[in-house]
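Peer 1: Got a structure for you, questions after.
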Amino acid sequence: MAWRAAAALATVVILAACASRETIGLDPVPKTFPREQVAKGAELAHLGNCLSCHTAEGGKPYAGGTPLKTPFGTIYGTNITPDAETGIGAWPLAAFSRAMREGVDREGRHLYPVFPYDHFTKLTDDDVAALYAFIMTREPVRQENRRNSVPIPRPLVGFWKSRYLEQVRYQPDPARSAEWNRGAYLVEGLAHCGACHTPRNSLGAERKDQAFAGGEVEGWHAPALNSASPSPLPWTVEALRAYLRHGIADRHAISAGPMVDVTHGLSEVSDEALRAIAVYTVSLDKRSDDERRRAGEAALARARASVAVKGNAVYDGACADCHNRGRAQEGGALELPLGTALTIPTPRNLAYIIRDGIVPREGDRGGWMPGYAGALTDEQMTDLLTYLRALGGQPAWRDVASEVRRIAKEQR
Amino acid sequence: MKRRAFLQSGGALIVAFALPAWAQKLPGALDRYPQLDAWLRVGADGRITVFTGKAELGQGIKTAILQVASEQLAVDMKSIDLVTADTAQTPNEGYTAGSNSMKDSATAVLNAAAQARELLIAEAAKRFAVAAETLTAQGGEVRTADGRRVSYGALVDGKTLSVKAAPQSKLSRTRNVMGKSVPRVDIPAKVTGGAAYVHDLRLPDMLHARVVRPPSYGARLKSVDTEPESKMPGVTVVRDGSFLAVVAGREWVAVQAMRELRAKAVWDEPRKLPQDIYATLAKLRTEDIVIAEAQPAFGGKVFEAAYTRPYQLHGAIGPACAVARYENGALTIWSHAQGMYPLRGAVAELVGLPVERVRCIHMEGAGCYGHNGADDVAGDAALIARALPGKPVRVQWMREDEHAWEPYGPAMITRMRAGLDGSGNVSGWDYGVWSNTHSTRPGRAGDLVAGLHVEKAFPPSPPRPLPLPDGGGDRNAIPYYKFPAARVTNHFIPEMPLRVSALRGLGAYMNVFSIESFMDELAAAAKADPVEFRLRQLDDPRARDVIRLAAERFGWAAYRKENGRGRGFAFARYKNHAGYCAVAMEVQVERELGELRVLRVVAAIDSGEAVNPDGIKNQIEGGIIQSISWTTFESATWNDTRITSRDWSGYPILRFSHVPQSLEVHVIDRPGEPFLGTGEAAQGPAGGALANALAHATGVRIRDLPFNRARLKRTFAA
Amino acid sequence: MTKLDVNGRVHEVDADPATPLLYVLRENLGLNAAKFGCGLGQCGACVVMADGEAVYSCLTPISVLEKRKIRTLEGLGSAEKPGPLQRAFIEEQAAQCGYCIPGVMMRAQALLERNPNASEADIRAALQPHLCRCGTHMRIIRAVARAGQYMRGKS
């Protein structure tokens, strides 16, 4: 019984430590903002990809309702349009700023950290104000927020914050270039790249000791961006910039899965911001130039060799027709040994891509990989994944078959 | 089609049938082919065969012609065989284009069938020795009042119908088949896997070929090692200059061999494609043709606008296909091109045969919507078949062949100026349209892609503006409204940066989009309701009828605007002398996302007497949805050398998620009135209505097509 | 030799196992319905069913289809004896040129076999991979909904 009493006591202590905060709401809310400030906020909103979590499929922009699946349950993106009753129309800047940096809503309740305030806390006052100006000038939408199905009482979030939320603005590194610092500010802050690309602990917090070592999101693996980067051809600033801008980089990848929304957002931001992000991100890979060069050469050699190889019935029939043609050829697709999906620790991304393809948004131009849903049996899929893994020059994935069966059961 | 051009392409037959100038004009295409038995024959077994020089393109023309013949001959549709465009059997009706098939061919069959019926009755009257007025024709028989009967088959001999048509026909007033929504005769095969297309034609010993197309316009084949492919069993490589093709017994083998060859081929490519296409078009030399001469006086306020339309594709879902067989010095081609006789002339020149040695037979293809790759692939098949005498050769284009090589609907610019008088009506109108030609149809061997690539290349026909009243770039450029003074100039641009030709509606889509957009801009300036503004400047009661009907069924008067939504209206009479169409539309716009969706469409159509009302609805529905796709999504892309929109990933079109929630078409039937045609009536009004609805929803007028996500985002961010 | 079960009949097919099913259906088996549209999985004209699922026959090699039950439009009925889906398409006159229709119908058949109560929204979503250039979409949606009624009535 003792442990129970202790737990109860601990809970009380935690709850006391994590009590809610006061309501903000007496300041008047401005109606108009300078044009330049709104424009700046628009760019920042794209960098932060606010749209993605706050817009439901087919729903009104920023009106919320998006289901976000977390290990703790489904949380729905909230209405952040300036509707006074159902959105944040009654929020003064102070409340908005507190939510962004401290994870507390206007009424003083803790926000679940699926809203990445652990990143946004780094934002400058100017940027928070610009985002506020942008959000408050959107079309107000009357739409009630959906109830979350997370069995965690909000006060516990306070406890979480006390351990994992470090409220500090970005501190520039004077030893680095202005561009690198700009990139670091964006990547670590608003763009919250680590939210997906850094692994999380059992309480859902990013493991700072393993920053950018690769994470999980919505069933997809977000590849490592640090020295453990699985990209067969190491990323260069130019390749990464192109990828973030267009969602496709020659000899690398087409963005897929949850990254698609990110590249859609980034397709609208300035080149200066994209370059800065690319500069900082590429710098996370600490391998020597020599190591990177060798890795790249090995990958290219594998790619060259792969186009002549036949030997797997599924690959020869379903994949080789495009992937062995060479990208430069009409209808040619990426030589697969260059694909990151082959070199990450799990076959899941590759399985999703083979099943569902990569298809641009309706009306957009873009790279197109057709989906093979229904065409391959689980056994054939397993066989193909195993074959491709070897084609990527990697040791076999463990238990591909059961992963394939699990994915087959998921609702498409 | 103009008479002069017709004579050029037609050859000797037409001259023989040409009527003296004093003769009264016969109805429809009877005027060119006045012999009744050019249009229909009755066999001794009573089976009736109807001939039309027009082709089924999925528009339902077969069914409509059968309905017309069936009604006038008082026989069941099932007892009629229909032969469509075939140079060995049917009249030369030029191209199946311009929404002219009902006006030309169905009108000819209507009158020929009515006259044939009267001849059969007259013959029976002789046999029964009774007055013709006492006889009735029904069910393939002529019946006397007292119940005696004689079948049509027993009444005819070779000469009965071998007579010239009379100027006047006694048209049957019954409406047992005409005016009914008879199910289309071609649909059952299409939904059950019957052989419905030239793509499905399988001849004994048929070979499959693929063409290794150059990577860009004007590219020349420098070298290619064809050795390995030539050694593959059953594979033949055909090369003539820059024309390179590979033939195999198996289609997949041909496809793979084509890819191998393509990977090895070395080309000389000119880098000359212009980047800013509208600036380029505006600078190119024009031939200015004033098509409406009134000198407008601009009293009061003057308004100006300019609109642009990009190159747009026909984008057939099935890439072009043809089968050709060269045997005993004669060539037979099965093709889904729109004009078998014109194709015959071009192919004969290409392969160096007299036209009499070439037969072109139409078979259906995927919907073409104008001049796409169908003629070109027939040229390819002819060249390849000539190299392999005795073997039928089937050629199908790959997706990238179609996307990169089909002739596009031309990019266009329109500029206009108008004044409003004190009562808010248009006081003067000055309109100019800048465009390439809208027809590079064959014609000549040089109008086929293969003709440009063979060693001894053929020159393409010189581009020319198509004359009014149908027009080309200037089709529908003259407003149908009763403006006091309108000046309209067709700035014809001979030089063609990209390959272009006829796309459904030709210039009408762009001109109607422009005029109807500008009309709304003017209505807004005049503080007038857009529908009322149009009505008060239109005299033609049939125009007013379609506008009123569409507005009423849409609920125009009671419409309440909601945030993010808007309504738009547009009207045109196609070619200013064909079908009347009005379209009302409601859209929803998500400014933040650059998302434009059509929610609801109501259209009214008057194409004269409605032979098949459901067929008309099908055409108008399709025209509207296709126009929504053009207007919302479509534009070709290229770099300085190559076309880059080479498949659907580079040339997105509408998918099911952008199909309106509802789409109603109301047909105004005008029994006894001439057939006006339907296929191209809706595209212009649909584009205009969409533009106007977008402007109403957002308060922002967008004058450049298409209204895709990128443009909307750019516009609303500004 | 590859063994293929097409519309309930097993065929021994003499073709390279890497050959896409489309070419084998059309050439070796003489079937017309599945059409070449793009060869890229972008338009849906080639779609047939394998074990009840819609697949792109232009991309799927026969090597992976042994022991699978392949169905094409020919397997749903004939012009003389149209099946429920075919009847619905004829009754709604849901075709213009008709080239895209066989692929659309096979996708619809797979949908309705999985869910004969498919709503209009379900139908639209399911048909998203298909292009129709003639603009016959409204009729296609109606025809699939009507076929759903027929199938529900039967089952």
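Peer 1: Filter region B:378-416 for residues that are assigned to a loop (DSSP other than H, G, I, E, B), out of contact with any His (no Cβ under 8 Å at 6 or more places or on another chain) and either within 13 Å of chain C (Cβ to nearest Cβ) or under 20 Å from residue B:342 (Cα atoms) (or both) and give the result.
Peer 2: Answer for region B:378-416, where residues must be assigned to a loop (DSSP other than H, G, I, E, B), out of contact with any His (no Cβ under 8 Å at 6 or more places or on another chain) and either within 13 Å of chain C (Cβ to nearest Cβ) or under 20 Å from residue B:342 (Cα atoms) (or both): B:397, B:398.
Peer 1: Take region A:169-225 and flag every residue that is of a type in the set (Asp, Glu) and touching a Gly at 6+ places or on another chain (Cβ under 8 Å).
Peer 2: Correct list: A:188, A:206, A:218.
Peer 1: Residue by residue through region B:650-675, note down the ones that are touching a Phe, Trp or Tyr at 6+ places or on another chain (Cβ under 9 Å) and more than 21 Å from residue B:367 (Cβ to Cβ).
Peer 2: Once the filter is applied, which keeps residues that are touching a Phe, Trp or Tyr at 6+ places or on another chain (Cβ under 9 Å) and more than 21 Å from residue B:367 (Cβ to Cβ), region B:650-675 yields B:664, B:668.
Peer 1: Would you check which residues across region A:326-350 are farther than 29 Å from residue B:642 by Cβ and not β-branched (Val, Ile, Thr) and list them?
Peer 2: A:341, A:342, A:345, A:347, A:348, A:349, A:350
Peer 1: I've got another one for you. What residue, among those in region A:262-309 that are loosely packed, with under 12 Cβ neighbours inside 10 Å and over 25 Å from the mean Cα position of the chain (by Cα), is nearest to residue A:334 (Cα to Cα)?
Peer 2: A:308
Peer 1: A further question on this structure: Can you name the residue in region B:404-416 that is hydrophobic (A, V, I, L, M, F, W, C) and either touching a strand residue (DSSP E or B) at 6+ places or on another chain (Cβ under 7 Å) or without any contact (Cβ under 8 Å) to a residue 12 or more places away in the chain (or both) and is also farthest from residue B:460 (Cα to Cα) among such residues?
Peer 2: Among them, the one singled out is B:416.
Peer 1: Next up: In region A:360-383, what residues are within 11 Å of chain C (Cβ to nearest Cβ) and buried (at least 22 other Cβ atoms within 10 Å of the Cβ)?
Peer 2: A:370, A:372, A:375, A:376, A:381
Peer 1: Separate question: Would you mind stating whether residue B:289 is of a type outside the set (Gly, Ala, Ser) and farther than 27 Å from residue B:211 by Cβ?
Peer 2: Yes; evaluated as a whole, the condition is true for this residue.
Peer 1: Next question, about the same structure. Taking the residues in region B:53-65 that are touching a strand residue (DSSP E or B) at 6+ places or on another chain (Cβ under 7 Å) and crowded, with 24+ Cβ neighbours inside 10 Å as candidates, determine which candidate is farthest from residue B:139 (Cα to Cα).
Peer 2: Per the criteria, the residue is B:55.
Peer 1: Just give me the residues in region B:574-601 being out of contact with any Pro (no Cβ under 8 Å at 6 or more places or on another chain), away from every other protein chain (no Cβ under 13 Å) and surrounded by fewer than 24 Cβ atoms within 10 Å (Cβ to Cβ), in sequence order.
Peer 2: Across region B:574-601, there are no qualifying residues.
Peer 1: Can I ask one more? Looking for whichever is in contact (Cβ under 8 Å) with a residue 60 or more places away in the chain and touching a Phe, Trp or Tyr at 6+ places or on another chain (Cβ under 9 Å) here; the options are A:370, A:345. Which one fits?
Peer 2: Of A:370, A:345, the one residue that is in contact (Cβ under 8 Å) with a residue 60 or more places away in the chain and touching a Phe, Trp or Tyr at 6+ places or on another chain (Cβ under 9 Å) is A:345.
Peer 1: OK, next. Please enumerate the residues belonging to region B:652-682 that are within 21 Å of the chain's Cα centre (by Cα) and assigned to a loop (DSSP other than H, G, I, E, B).
Peer 2: Hits for region B:652-682 are B:653, B:654, B:674, B:675, B:676, B:677, B:678, B:679, B:680, B:681, B:682.
Peer 1: Within the bounds of region B:119-135, is there any residue that is surrounded by fewer than 22 Cβ atoms within 10 Å (Cβ to Cβ), on the phi > 0 side of the Ramachandran plot and among the aliphatic types (A, V, I, L, M)?
Peer 2: Scanning region B:119-135 turns up at least one residue that is surrounded by fewer than 22 Cβ atoms within 10 Å (Cβ to Cβ), on the phi > 0 side of the Ramachandran plot and among the aliphatic types (A, V, I, L, M).
Peer 1: Within the bounds of region B:610-630, is there any residue that is more than 24 Å from residue B:535 (Cα to Cα), in a strand (DSSP E or B) and more than 10 Å from every other protein chain (Cβ to nearest Cβ)?
Peer 2: The answer is no; no qualifying residue exists.
Peer 1: Checking residue B:225 against (1) in a loop (DSSP other than H, G, I, E, B); (2) surrounded by 14 or more Cβ atoms within 10 Å (Cβ to Cβ); (3) in contact with a Lys or Arg (Cβ under 9 Å, 6 or more places away or on another chain): exactly one of these is not met. Which one?
Peer 2: The number of the failed condition is (2).
Peer 1: Of the residues A:365, A:355, which single one is closer than 30 Å to residue B:711 by Cα and either touching a helix residue (DSSP H, G or I) at 6+ places or on another chain (Cβ under 8 Å) or not small (Gly, Ala, Ser) (or both)?
Peer 2: Every option except A:365 fails the conditions.
Peer 1: Identify, from the list B:142, B:68, B:83, B:109, the residue that is of a type outside the set (D, E, K, R), more than 30 Å from residue B:346 (Cα to Cα) and under 22 Å from the mean Cα position of the chain (by Cα).
Peer 2: Answer to the check: B:68.
Peer 1: Taking residue B:256, is it within 14 Å of another protein chain (Cβ to nearest Cβ) and surrounded by 22 or more Cβ atoms within 10 Å (Cβ to Cβ)?
Peer 2: For residue B:256, the condition - within 14 Å of another protein chain (Cβ to nearest Cβ) and surrounded by 22 or more Cβ atoms within 10 Å (Cβ to Cβ) - is not met.
Peer 1: Then there's this: Let me confirm something: among B:205, B:200, which residue is free of Cβ contacts under 8 Å to residues at least 40 places away in the same chain, among the acidic types (Asp, Glu) and within 14 Å of chain C (Cβ to nearest Cβ)?
Peer 2: The unique qualifying residue is B:200.
Peer 1: Residues B:446, B:428, B:432, B:419: which one is free of Cβ contacts under 8 Å to residues at least 60 places away in the same chain, among the small types (Gly, Ala, Ser) and part of a strand (DSSP E or B)?
Peer 2: B:432
Peer 1: Here is a list: A:151, A:82, A:61, A:92. Which entry is under 20 Å from residue A:191 (Cβ atoms) and not acidic (Asp, Glu)?
Peer 2: A:61
Peer 1: At least 2 residues that are within 21 Å of the chain's Cα centre (by Cα) and within 30 Å of residue B:716 (Cβ to Cβ) in each: list the helices (runs of 4 or more DSSP H) lying fully within region A:107-225 that qualify.
Peer 2: A:117-120, A:125-136, A:178-188, A:194-197
Peer 1: Still on this structure: Among the residues of region C:49-74, which ones are more than 10 Å from chain A (Cβ to nearest Cβ) and either among the basic types (Lys, Arg) or within 25 Å of residue B:367 (Cα to Cα) (or both)?
Peer 2: Selection gives C:69, C:71, C:72, C:73, C:74.
Peer 1: In addition: Which residue out of B:387, B:382 is surrounded by fewer than 24 Cβ atoms within 10 Å (Cβ to Cβ) and within 30 Å of residue B:330 (Cα to Cα)?
Peer 2: Just a single option satisfies the conditions, and that option is B:387.
Peer 1: How many residues are at the interface with chain A (Cβ under 10 Å from one of its Cβ atoms), in a loop (DSSP other than H, G, I, E, B) and of a type in the set (A, V, I, L, M, F, W, C) if we restrict to region C:14-42?
Peer 2: So the answer is 3.
Peer 1: Right, next: Say whether the condition of being in a loop (DSSP other than H, G, I, E, B), more than 22 Å from residue A:164 (Cα to Cα), free of Cβ contacts under 8 Å to residues at least 12 places away in the same chain and more than 20 Å from the chain's Cα centre (by Cα) is met by at least one residue in region A:41-58.
Peer 2: yes
Peer 1: Just for region B:683-718: of the residues that are within 13 Å of chain A (Cβ to nearest Cβ) and either hydroxyl-bearing (Ser, Thr, Tyr) or within 22 Å of the chain's Cα centre (by Cα) (or both), which one is nearest to residue B:599 (Cα to Cα)?
Peer 2: Among those that are within 13 Å of chain A (Cβ to nearest Cβ) and either hydroxyl-bearing (Ser, Thr, Tyr) or within 22 Å of the chain's Cα centre (by Cα) (or both), it is B:698.
No lab work stands behind these numbers, since they all come straight from the coordinates. Quantities reported herein were computed from a predicted structural model and do not represent experimental measurements. Counting neighbours? That spans all protein chains shown, and the Cβs are built from the backbone with ideal geometry, glycine included.
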